[in-house]
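Everything on this sheet refers to the single structure shown next.
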């Protein structure tokens with residue numbers, strides 16, 4: 001197999017012309033994301049069985065020939081644990097891949113759990129122990145070391161080799177379509193734009209706040225997100241969750257008063273105190289009729305613990321019948337998502353079209369039965 005390190009535009013164009021004829025591409029990315037909101041792309045790896053190429057995004061300005069491969073519906077793209085790779089595709093090129101499948105998701109339907117690592121998968125099938133010591137190196141620095149190159153090549157070399165066997169086993173087990181849908185669901189989530197006006201709902205301890213305090217928190221979280229985007233910094237580098245909750249709760253009138261709030265992050269106040277104070281004053285101008293309603297916690301719903309146990313038991317029984325792991329059918333988060341929808345909590349915050357259990361293969365397998373089960377047993 002030909003191995004290439006592509007550092008020039010002409011080489012990328014030539015490579016992608018060849019790869020465009022492939023039926024399957026194994027793909028991976030290397031990136032750095034230590035002090036930034038967005039991942040910084042350091043390397044692209046691709047293999048079609050005949051050629052294995054490392055593409056250098058540091059020296060090549062126009063990666064559009066590669067992005068075109070990702071959107072070619074005639075080529076199957078295989079990635080392992082692709083969640084962060086999708087963020088790279090989104091932030092680097094707003095490129096939403098099609099006909100992509102995640103081998104980690106495929107392995108989960110073969111009984112290996114939801115988070116099997118690439119090295120563990122290779123060892124399972126080939127009894128080869130990969131050296132993962134280069135996984136945390138700075139992939140934006142040049143030149144790359146020989147160990148980095150070997151590491152990067154291995155990430156697509158073995159993936160391409162293993163895909164046919166994983167596909168065969170999954171198809172024989174009857175779960176290929178489900179794995180495909182799970183991958184599509186992951187892509188949909190990653191490419192759904194964030195609504196800044198709803199970020200306050202996911203802040204820890206926000207349920208403690210009343211409507212007016214939630215209005216303040218809402219505006220603070222919008223400001224924080226916009227600052228993180230503008231400066232390309234992690235959200236927590238702008239201000240910590242507990243700082244925003246404490247400020248929204250106390251609504252201080254000065255930076256001095258803000259700094260005296262118990263438990264607040266001192267550096268947040270020192271560097272962002274004036275800005276946060278301005279946000280509070282702006283938020284107070286909103287009409288009270290437009291304030292968010294108090295957040296109702298799912299675990300405060302009458303009988304929640306017993307109801308959750310009933311759904312969990314239902315999921316376990318279904319898993320036994322289908323030879324899948326219970327977490328494949330529904331995680332705790334997905335069960336709670338379903339219950340929030342069923343009980344119409346927080347002004348129907350969770351809509352039916354976003355409830356995983358009510359979509360695709362899950363609904364076909366057990367969603368309707370779960371609805372009947374809920375109607376018959378939740379009120380017992």
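All of (1) surrounded by fewer than 19 Cβ atoms within 10 Å (Cβ to Cβ); (2) closer than 25 Å to residue 115 by Cβ; (3) touching a residue at least 24 places away in the same chain (Cβ under 8 Å) hold for residue 313 with one exception: (3). Out of the residues in the stretch 24-58 that are over 27 Å from the mean Cα position of the chain (by Cα) and free of Cβ contacts under 8 Å to residues at least 60 places away in the same chain, which is surrounded by the fewest Cβ atoms within 10 Å (Cβ to Cβ)? This residue is 50.
Pick from 311, 350: which is part of a loop (DSSP other than H, G, I, E, B) and under 21 Å from residue 375 (Cβ atoms)? Spell out how you get there, then give the answer.
On the way: 311 fails: part of a loop (DSSP other than H, G, I, E, B).
Selected residue: 350, the only one of 311, 350 that is part of a loop (DSSP other than H, G, I, E, B) and under 21 Å from residue 375 (Cβ atoms).
So, residue 190, is that one surrounded by fewer than 19 Cβ atoms within 10 Å (Cβ to Cβ), out of contact with any helix residue (DSSP H, G or I) (no Cβ under 8 Å at 6 or more places or on another chain) and either in the same structural domain as residue 56 (by TED's automatic domain parsing) or closer than 22 Å to residue 91 by Cα (or both) or not? Judged against the criteria, residue 190 is not a match. Whenever a residue of the stretch 8-20 is over 16 Å from residue 75 (Cβ atoms) and assigned by TED's automatic domain parsing to the domain that holds residue 63, its partners that are assigned to a helix (DSSP H, G or I) and at pLDDT 95 or above, lying with C-beta atoms within less than 7 angstrom and at least six residues away or across chains, give the pairs 12/65; 12/66; 13/65. Considering the stretch 194-266, the qualifying helices (runs of 4 or more DSSP H), each wholly inside and each with 2 or more residues that are closer than 28 Å to residue 32 by Cβ and within 21 Å of the chain's Cα centre (by Cα), run over 211-231, 235-238. Return a yes/no flag: does the stretch 209-222 have any residue that is within 15 Å of residue 267 (Cβ to Cβ) and either in contact with a helix residue (DSSP H, G or I) (Cβ under 9 Å, 6 or more places away or on another chain) or free of Cβ contacts under 8 Å to residues at least 60 places away in the same chain (or both). Looking for residues that are within 15 Å of residue 267 (Cβ to Cβ) and either in contact with a helix residue (DSSP H, G or I) (Cβ under 9 Å, 6 or more places away or on another chain) or free of Cβ contacts under 8 Å to residues at least 60 places away in the same chain (or both), one finds none in the stretch 209-222, hence no. Quick check on residue 321: is it free of Cβ contacts under 8 Å to residues at least 12 places away in the same chain, closer than 17 Å to residue 108 by Cα and either assigned by TED's automatic domain parsing to the domain that holds residue 111 or surrounded by fewer than 14 Cβ atoms within 10 Å (Cβ to Cβ) (or both)? Criteria met by residue 321.
Only one entry in 81, 92 is closer than 27 Å to residue 36 by Cα and not in a loop (DSSP other than H, G, I, E, B), namely 92.
The values are calculated or read from the model by the stated rules, or taken from the named source; none is laboratory data. Small disclaimer: the values here were computed from a predicted structure and weren't measured. As a convention, Cβ positions derive from the backbone with ideal geometry for all residues, glycine included, and neighbour counts pool all protein chains shown.
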